[in-house]
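Participant: Below you'll find the structure I mean.
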Amino acid sequence: MPRVPGRPFLQIPGPTNTPLRVLAAIAQPTIDHRGPTFQKLARSVLERIRGVFGTTQPVIIYPASGTGAWEAALVNTLSPGDRILMAETGHFATLWSRMARRLGLDVDLLPGDWRSGVDAARIEAQLRADGERRIRAVAVVHNETSTGVTSDIAAVRRAIDRAGHPALLLVDTISSLGSIDYRHDEWGVDVTVGGSQKGLMLPPGLSFNAVSPTARAASATAGMPRAFWDWEEMLASNDKGFFPYTPSTNLLQGLAVALDMLEEEGMDAVFRRHLRAADAVRRCVRHWGFDIQAADLREASAALTAVRLPAGYSADALRATILDQSSVSLGNGLGQLTDRVFRIGHLGDFNDPTLLGILAAIEMGLGACGIPHRSGGVESALAALLGADTPTAAAAE
């Protein structure tokens, strides 16, 4: 295949583009993970990462993908046979529920339409019906990467509290952390799961558990086997600035610089940048004449947009054409959305010219594939960027 000149654009919803500053930090010589230089690094990142989660409580960092952090959240808080209430908001929520079943948990999965966020009222009803208090945890995905739908976590916590239920609240923020406003402490979350390869602008390889005091208390009696994932062994070593096994030293060096970049921009500004980009993308998509996967714009993600093509047209063929023409990688449809949607990632390290270039490449691909659309979507996005000051997640046309 002929080479396409210019830089490639990675616009999937993660892994995201890694800034040169972060790459340079990762490329530094590997340091002794038992020495004083590493100790200083570890103490710094372990303290500073708390602000990204919105917590004053410990955040545990594993050398693993987000899937590892899913497992850590479950095995540290639950016992075999425990009942867990989960919500089917999309592909990744479904995968997490499958993991829970494989670990021997009794999963109550609330079915969903893959176009909506978590229904807090249904959560509350299920908990009220649980008179024997068999449900030990509620597990939900904050930002469903397969659909581009964000759920209201504060509403889920209120539902648990209204039901007077002691269930723990476990939340996946893998594609929202560092991109969408998130408040572990304020929203009463017990375990927050995160990953390095999206809003934190790092390659894959680090995962996180932010842990409440209630979750730590639950871990003392949880009966699920755990060794590598054990919180207490990790926290005991972290208190001294070290890890109980070899950590991802170079990725931690990159994390320190990624935290520098987030702090320099300011988290509120980071969230506004993502909201503004999402608004511009949605205006462009609607100008083209397409629907987005999120049925309610109030739940539309600030980190990505899943675009629904008209019946009879292949999203995968469109993605392949755009990649061949412009070296732009877009996210594919997953699970029941395979070949029906394509996903535009607008999270992590990006700016307005990046966004406009991506939308232009998509519009060129639509023309090349003969997919009916109204031209001029890029101009619509540009107008939004020029006119939007502080858009909300559901900014109207």
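The values are calculated or read from the model by the stated rules, or taken from the named source; none is laboratory data. Please read all numbers here as calculations on a predicted model, not as lab measurements. When we count neighbours, we look across all protein chains shown, and the Cβ atoms used for this are built from the backbone with ideal geometry, even at glycine. To get the accessible areas, we keep the full protein, side chains included, count just its heavy atoms, and leave off ligands, DNA and RNA. Shrake-Rupley method; radii C 1.70, N 1.55, O 1.52, S 1.80 Å.
Participant: What number of residues within segment 344-365 satisfy the criterion of being touching a residue at least 12 places away in the same chain (Cβ under 8 Å), of a type outside the set (A, V, I, L, M, F, W, C) and in a helix (DSSP H, G or I)?
Facilitator: The total comes to 5.
Participant: So V189 ticks every box in (1) within 22 Å of G333 (Cα to Cα); (2) open to solvent by less than 10 Å² (accessible area, probe 1.4 Å); (3) among the hydrophobic types (A, V, I, L, M, F, W, C) but one. Which box is left unticked?
Facilitator: All conditions pass for V189, except number (1).
Participant: With the structure loaded, tell me whether P244 is free of Cβ contacts under 8 Å to residues at least 40 places away in the same chain and more than 25 Å from S176 (Cα to Cα) or whether it fails that test.
Facilitator: yes
Participant: If you don't mind, another one. Within segment 342-349, identify whether any single residue is more than 22 Å from the chain's Cα centre (by Cα) and open to solvent by 50 Å² or more (accessible area, probe 1.4 Å), and answer yes or no.
Facilitator: No, that holds for no residue.
Participant: Output the residues belonging to segment 23-60 that are within 30 Å of V341 (Cβ to Cβ) and touching a helix residue (DSSP H, G or I) at 6+ places or on another chain (Cβ under 8 Å).
Facilitator: The answer is V52, and nothing else.
Participant: Residues G205, G199, G188, G223: which one is outside any strand (DSSP E or B) and closer than 22 Å to A269 by Cβ?
Facilitator: G199
Participant: Looking at this structure, is R7 touching a residue at least 12 places away in the same chain (Cβ under 8 Å), open to solvent by 20 Å² or more (accessible area, probe 1.4 Å) and assigned to a helix (DSSP H, G or I)?
Facilitator: No; evaluated as a whole, the condition is false for this residue.
Participant: Something else about it: Cβ-Cβ distance below 6 Å, separation of 6 or more or different chains: which pairs start in segment 366-384 with a residue that is under 10 Å from V285 (Cα atoms) and touching a residue at least 40 places away in the same chain (Cβ under 8 Å) and end on one that is among the small types (G, A, S) and exposed (fewer than 14 other Cβ atoms within 10 Å of the Cβ)?
Facilitator: H373/G289; R374/G289
Participant: Then there's this: Return a yes/no flag: does segment 260-278 have any residue that is touching a residue at least 40 places away in the same chain (Cβ under 8 Å), in contact with a strand residue (DSSP E or B) (Cβ under 6 Å, 6 or more places away or on another chain) and of a type outside the set (F, W, Y).
Facilitator: No, every residue in segment 260-278 fails to be touching a residue at least 40 places away in the same chain (Cβ under 8 Å), in contact with a strand residue (DSSP E or B) (Cβ under 6 Å, 6 or more places away or on another chain) and of a type outside the set (F, W, Y).
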